[in-house]
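Just so it is clear, none of the values below were taken in a lab; they were calculated from the coordinates. Everything numeric here is computed off the predicted structure, so don't read it as measured data. Here the Cβ is made from the backbone with ideal geometry for all residues, glycine too, and neighbour counts use every protein chain on show.
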Amino acid sequence: MFYRGIQMGRVPIIGPHDTLFFLSASIMLFAIPVTFKMKDKRKLLSPVVWLSVFFIFLSLFYKPHNVPLPPVLKTFWFETHVVLSFFAYALFGLAAVIGILYLINKEEKSEQLQYKIILVGYCLFSAAMIFGGIWGYFAWGTYWLWTPKELWTVILWLFYSLYLHARLRQWWRGKPSVMLGITGFVIVMFTYLGVSLFMKSSHTF
Amino acid sequence: MKILKNILNFFLSLRLSIWLIFVLLSLLFYGSFVMPKEKEFQTLNTIPLFQWMNENNSGITWWLWAAIGILVLLTVNTLLCSIESVIKKRVSKHWILIISPQLIHVGFLFILFSHLLSSYGSFRGTAFVYEGSALQLPNGLTVVFAAINTDIDHSGFIKNWSADIKYFDERRQMTKDVISPNNPSFQDGFGIYIKTVRLEPVPAALIEVSREPGAFCALVGGVLFLAGMVTLLIFKMKKEDARI
């Protein structure tokens, strides 16, 4: 990733090839500190490494975007918007893995860890949406466009808002909130890859 | 009095928030599949939302009307819950940390309000302009495109572009500016954007004129939301760590 960044003279975050790789690296980046919070470190690291490898494998199916960037993408707001989005996606992925571990091991600590990770991810994702809005306003003349991708971004944001509000109620604590945390990552994957595959949108990833 | 109390209790409920978010999610989920299929949605980004909704058949816009209805209920729910929470927790020692969710809610409401403003009074128009040509803005000002500039690399690829513009009020020149990608020019609430250029047969630029009345409100909302989110994050992390 560093080599590609130097080669292209920019952060490699354009197109599914680069972003899948970036997502994979982000998952590992966040997994390392989270692992220190776990009693059995291998329990978390093993599925997380597999998830990362899966995304790297998936990235090989996409062509790298090697042409020069259009000037509208050469801005701090765009780069920060994408980087924060993928950091958030990585955290949501990590939260889903921890959720699955909770369903297997039933450790209360895993549920709390999942909540904390989702909270950080939600914060980054909200920041990404705001930064995207600022970029859109300077680049396209509007902070909001009615496209399926943007609608799904809001669906994803609302879904995690639902998770955070639901978890405030006692009934939702434990298995129900963990299930929501796992479902959230399915929505992440559809927002990230599914929308571009099945629906026309201004976003290409 | 009892009816009023019942209405208040109905809105002062976290369960209601969860249900409203769930219904809103379902409506947007449905809409995301309808949007790419119906050709009417192609014009949705060119005119204000409310105008578009009035001009189009309710058979395809019903989910947007329903989503607005849910958002109105969610606004009332958010406002009342936030007021109640501030009143209850005003004597707490960690007041700033405890009201952080309310700061997030206020930010959210600002963003909703910004969308309301833009859905009512936004404007978008595009045109191809040539060097020396003029464009009249809806507020009566005239923009003259004095020069279209390009930065071409050794392979002939246009790396960047810009346009020198001058604003005229009737025949008097007011000010001049340079527009380039990500660097629009703003005058009296209108933004002038340069989208792309072509050099043949004569230099021309695709220009967009846009007005987003909710933009500033959205920025304020975004800042409040993030400020609240960061303080909430600190507070919740401490609280969860204490629980473990």
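Points to keep in mind about this one:
- Scaling the Cα radius of gyration of chain B by the globular reference 2.2 N^0.38 Å produces a ratio of 1.36.
- At R0 = 25 Å, FRET efficiency that the Cβ-Cβ distance of residue B:7 and residue B:90 yields, to 0.05: 0.55
- FRET efficiency estimate (nearest 0.05) - Cβ-Cβ, residue A:28 to residue B:30, R0 35 angstrom: 0.45
- Averaged over the residues of peptide B:174-185, the number of Cβ atoms from other protein chains lying within 10 Å of each residue's Cβ is 3.
- Backbone geometry of region A:157-168 corresponds, through the Karplus equation with coefficients 6.51, -1.76 and 1.60 at θ = phi - 60°, to 3J(HN,Hα) couplings of 5, 5, 4, 6, 5, 4, 4, 5, 6, 4, 5, 6 Hz, x marking Gly and Pro.
- Rounded to the nearest 0.05, the FRET efficiency derived from the C-beta distance between residue A:198 and residue A:63 at R0 = 30 Å is 0.95.
- Net charge of the neighbourhood of residue A:172, taken over other residues with C-beta under 12 Å away and scored Lys/Arg +1, Asp/Glu -1, is +4.
- Full extension of the chain between residue B:40 and residue B:120 yields a length gain of 26.9 nm, computed as 0.36 nm times the residue separation minus the alpha carbon distance.
- For the pair region B:167-206 / region B:85-128, the C-alpha centres are spaced 33 Å from each other.
- Region A:144-205-region A:30-93 distance, computed between alpha-carbon centres (Å): 17
- Set of lysines with alpha-carbon distance to residue B:236 below 27 Å, sequence-local pairs under 8 removed: A:37, A:39, A:41, A:43, A:106, A:109, A:116, A:175, B:88, B:89, B:93
- Under the simplified labelling scheme, the residue A:109-residue B:158 pair shows an inter-label distance of 6.0 nm, with each label point 7 Å from Cα along Cα→Cβ.
- Contour excess over end-to-end distance, with Cα ends at residue A:186 and residue A:54 and 0.36 nm allotted per residue: 46.0 nm
- Convex hull projection area averaged over all views, the protein assembly as shown, Cα basis, nm²: 26.4
- Residue separation of residue B:176 and residue B:142 scaled by 0.36 nm, minus their Cα-Cα distance, works out to 11.1 nm of gained length.
- Protection proxy ranking of B:37-46, A:112-121 - average other beta-carbon atoms within 10 Å, highest first: A:112-121, B:37-46
- Debye log10 I(q)/I(0) at q = 0.17 Å⁻¹ for region B:124-211, Cα point scatterers: -0.65
- Inter-probe distance in nm under a simple model that places probes 7 Å from Cα toward Cβ, at residue B:72 and residue B:127: 3.8
- Radius ratio Rg over Rh of region A:71-198, counting only Cα atoms, Kirkwood formula for Rh: 1.03
- Karplus (6.51, -1.76, 1.60) ³J(HN,Hα), θ = phi - 60°, over region B:212-218, in Hz, Gly and Pro reported as x: 10, x, x, 4, 5, 4, 5
- Global form of region A:53-110, assessed from the alpha-carbon gyration tensor, a/c cut-off 1.5: oblate
- Inter-label distance for residue B:223 and residue B:200, nm, one decimal - labels placed 7 Å from Cα along Cα-to-Cβ: 4.9
- Scattering profile of region A:22-81 at q = 0.22, 0.23, 0.25, 0.26 Å⁻¹ [log10 I(q)/I(0), Debye over alpha-carbon scatterers]: -0.91, -0.94, -1.00, -1.03
- For residues of B:15-21, the mean tally of beta carbons on other chains within 10 Å: 4
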